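We did not get these values from a lab; they are worked out from the coordinates using the rules stated. Just so it is clear, the model here is predicted, and its values are computed rather than measured. Cβ: placed from backbone, ideal geometry, glycine included. Neighbour counts: every protein chain shown.
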C-alpha cells in the first residue's frame with residue numbers, strides 16, 4: 001500500500017482540502033507568536049477549540065509576572081473585541097471534570113467570569129459521554145488560517161526549542177516555573193483552513209444549539225509574515241475521532257489511519273507522543289518488527305508522566321506495550337527514548353506527531369492510546385508527499401525534531417542517517433550527551449498489572465467504558481481492520 005492510498009475521505013480522513021501554504025510550528029513559543037499575529041489580523045471571526053484554556057496564559061512571557069500583564073491571551077482577546085465590535089470571537093473549551101479542573105486552579109471554569117460582560121463568547125462543552133473529554137485543539141481565523149495540533153493555550157505550555165534547564169520565561173501566575181515542555185502545531189491556509197472552520201462550527205452547534213454562519217472572505221491575509229511555508233500548493237487531510245454518542249455513530253478515522261500507516265511503512269516509523277498505551281498499535285508495530293526487512297520504529301515520549309493518574313494508568317500500560325515490542329524486536333529496529341535537558345531534567349513530550357518514511361506526516365491532538373481512537377474527540381492534519389521536494393520537507397521536519405532533542409541541527413541528523421545507514425544508528429551516534437534516554441519497561445506491582453491489563457482509565461469506546469473485560473479482550477465486532485491487528 002502506498003502513501004497515496006492512505007488518505008481516503010470517509011475512511012481514514014474526513015476531508016481533503018487544498019492549502020496554498022502549510023507550516024510546522026515546533027514548540028509553543030512559535031505557536032503563541034503566530035497566534036498573536038494572526039488574531040490581530042482577524043476581521044470576521046476567531047474560533048478556538050481546546051481541551052484546556054487559561055486566559056492568563058502569556059503569549060510573550062518575559063520572566064516577570066504582574067497583576068495585569070498585557071500579553072495575557074484573555075486581555076488580548078478582550079481588547080481585540082473592543083477595538084473591532086463586529087469581530088466574532090468564540091472560545092469553546094471542554095468542561096473538565098472537577099479533579100482535572102482542580103489541577104488547573106479551576107480554569108477554564110473561571111474563564112467564564114473573565115469574559116463576562118465582554119464581546120468574547122466563551123462556552124464550556126460537556127456534550128461527551130461520562131468520562132470522555134473534548135480533546136481537539138483547533139484555532140481558526142476568518143476561515144483563512146487555521147492551527148491544529150497538540151497544544152492548548154494555558155499557563156504551563158510555553159517553551160522554546162532549546163528546552164532550557166532554567167528559563168525564567170516559563171513562569172506561571174503563582175510565580176512558580178513549569179517544567180520544559182515540547183509541543184508541535186501545524187498551520188494551514190486556504191480551503192484546508194475553511195474546512196477546519198466547518199469542523200469548529202459544527203462543534204459549536206452541538207454544544208450550544210446555535211448554527212454559525214460561514215464568514216465572508218477575509219480582506220487581509222492573516223498568515224504570520226515571519227513564518228515561511230514548509231509546504232506549498234498541497235492537499236491536507238483532516239482526520240477525527242468522535243465517540244458514539246447522542247444518536248451519532250462513532251468516528252474512528254484516526255485509529256484506522258494509524259493502523260494502516262503502520263502497515264504501509266517501508267523504512268521509518270517516527271512517533272512522537274505523550275502516551276503509548278494502545279494494544280492495537282503495539283500489535284501492528286510488533287508485526288512490522290518481526291519482518292526481516294521491516295521499518296525502523298522510533299518512539300519519543302515523556303520519561304514519566306507528570307500527573308499521578310497518568311503514572312498509574314498510562315505509564316503502566318505503556319510498560320506492557322514496551323515489553324511486547326522489545327520481545328518482537330528480533331532484528332534490533334525498535335527504540336523508545338525520552339528527552340532531557342543537558343542537566344538531566346525530563347522534558348514533557350506533549351506533541352502528537354507521526355511521520356511515515358518521508359511520505360506521510362500527521363500532526364494533531366490524538367495520543368497513541370485507546371481513548372484517542374474512539375472515546376474522546378480528536379482532530380489532526382495529515383499531508384502526503386507527492387514528489388522529491390515534499391519528501392525532503394517531511395524528512396527535514398523529522399530530522400529537525402530529533403536534532404532539537406539531542407542538541408544538533410536537522411542537517412546533522414540527515415548527514416548521520418546517510419552515513420550510518422539508518423535513523424537509529426544516526427541517533428545513537430549523535431546522542432553523545434545522552435539527552436535521549438531509553439524508556440525501559442517497569443516492574444509491575446499487582447495493582448499496576450491490573451490497571452495495565454484492563455487499561456483502566458483508557459476506554460476504547462463508549463461500549464466498553466464501564467466494561468473492562470470487553471476492553472481486555474479487544475472485541476470490535478464488524479471491523480476487519482482492527483481484527484487483523486488483534487493480538488494473538
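Let me have the relative contact order for region 199-304, percent, based on Cα pairs under 8 Å that are six or more residues apart.
Normalised by residue count, the contact order of region 199-304 is 18 percent.
Give me the angle, in degrees from 0 to 90, between the Cα long axis of helix 28-40 and the longest principal axis of the Cα atoms of the chain, rounded to the nearest 10.
Once rounded, the angle reads 30 degrees.
Restricting to region 183-307, what percent of DSSP beta bridges are antiparallel, rounded to 5?
40
Roughly how many whole Å is it from the C-alpha centroid of region 409-476 to that of region 210-226?
Here the two parts' Cα centres lie 39 Å apart.
Can you say what percent of the DSSP beta bridges in the chain, counting only those with both residues inside, are antiparallel? Round to 5. Before the final figure, lay out the partial values.
Numbers: 53 of 80 bridges.
Just about 65 percent of them are antiparallel.
Over region 234-484, what is the mean sequence separation of C-alpha contacts under 8 Å (at least six apart), divided by residue count, expressed as relative contact order in percent?
RCO, region 234-484: 24 percent.
For the pair residue 116/residue 174, report the inter-label distance in nm, with labels modelled 7 Å from Cα in the Cβ direction.
Between residue 116 and residue 174, the simple spin-label model gives 2.4 nm.
Report for region 234-484 the percent antiparallel among DSSP-assigned beta bridges with both residues inside it, nearest 5. Each step should come with its number before you reach the end.
Working: 26 of 36 bridges.
If I count the DSSP bridges inside region 234-484, around 70 percent turn out antiparallel.
Where does the chain land at 222 nm, in deg cm²/dmol rounded to the nearest 500, when only DSSP H runs of n ≥ 4 count, each adding -39500 (n - 2.57), divided by all residues?
Value at 222 nm, helices only, nearest 500: -9500 deg cm²/dmol.
Can you tell me the Rg and the Dmax, both Å, for the Cα atoms in the chain?
According to the Cα coordinates of the chain, Rg and Dmax are 21.3, 64 Å.
Please report 16, 352 as a ranked list, fewest other C-beta atoms within 10 angstrom at the top and most at the bottom.
Least crowded to most crowded, the residues run 16, 352.
With contacts defined as alpha carbon pairs under 8 Å and 6 or more residues apart, what's the relative contact order of the chain in percent?
About 18 percent, as a whole number.
Would you mind checking the tilt of helix 279-289 against the longest principal axis of the Cα atoms of the chain, expressed as 0 to 90 degrees and rounded to 10?
50
Modelling each spin label as a point 7 Å along the Cα-to-Cβ direction, I'd like the residue 123/residue 411 distance in nm, to one decimal.
4.9
Hey, can you rank 73-83, 209-219, 372-382 by average C-beta count inside 10 Å, highest first?
Highest to lowest by the protection proxy: 372-382, 73-83, 209-219.
Distances longer than 22 Å among the Cα atoms of region 234-484: what percent of all pairs is that?
More than 22 Å apart: 54 percent of the Cα pairs in region 234-484.
Need one number: convex hull volume per residue for region 137-223, Cα atoms only, in Å³.
It comes to 129 Å³ per residue, whole-number rounded.
Distance from the Cα centre of region 1-41 to that of region 118-187, in angstrom?
Taking the Cα centre of region 118-187 as reference, the centre of region 1-41 is 16 Å away.
Determine which residues of region 1-45 fall in the zone a paramagnetic label at residue 164 would reach in this model, i.e. backbone nitrogen under 14 Å from the point 7 Å along Cα→Cβ.
The answer is 29.
Extent of region 279-374 along each principal axis, from alpha carbon coordinates, in Å, largest to smallest?
Extents along the principal axes: 38, 29, 26 Å.
Rg and Dmax of region 111-157 over Cα atoms: what are they, in angstrom?
13.3, 35
Computed over the Cα atoms, what is the radius of gyration of region 160-313 divided by 2.2 N^0.38 Å, N being its residue count?
Rg over 2.2 N^0.38 Å, computed on Cα atoms: 1.36.
How would you rank 166-176, 395-405, highest first, on the average number of other Cβ atoms within 10 Å across their residues?
Ranked from most to least packed, the peptides come out as 395-405, 166-176.
Describe numerically, in nm with one decimal, the distance between label points set 7 Å from Cα along Cα→Cβ at residue 437 and at residue 235.
Distance between label points: 4.5 nm.
Using only Cα atoms, find the angle between the long axis of helix 314-328 and the longest principal axis of the chain, and express it within 0 to 90 degrees, rounded to the nearest 10.
With both axes taken from Cα atoms, the answer is about 30 degrees.
Going by how many other Cβ atoms sit within 10 Å of their own, how do 239, 45 line up, fewest first?
On the way: 239 27, 45 24.
With the sparsest Cβ surroundings first, the list reads 45, 239.
Restricting attention to the alpha-carbon atoms of region 1-99, what are Rg (one decimal) and Dmax (integer), both in Å?
Using the Cα atoms of region 1-99, the pair Rg, Dmax is 17.7, 56 Å.
Tell me, 141, 155, 462 in order of fewest to most beta-carbon neighbours within 10 Å?
462, 155, 141
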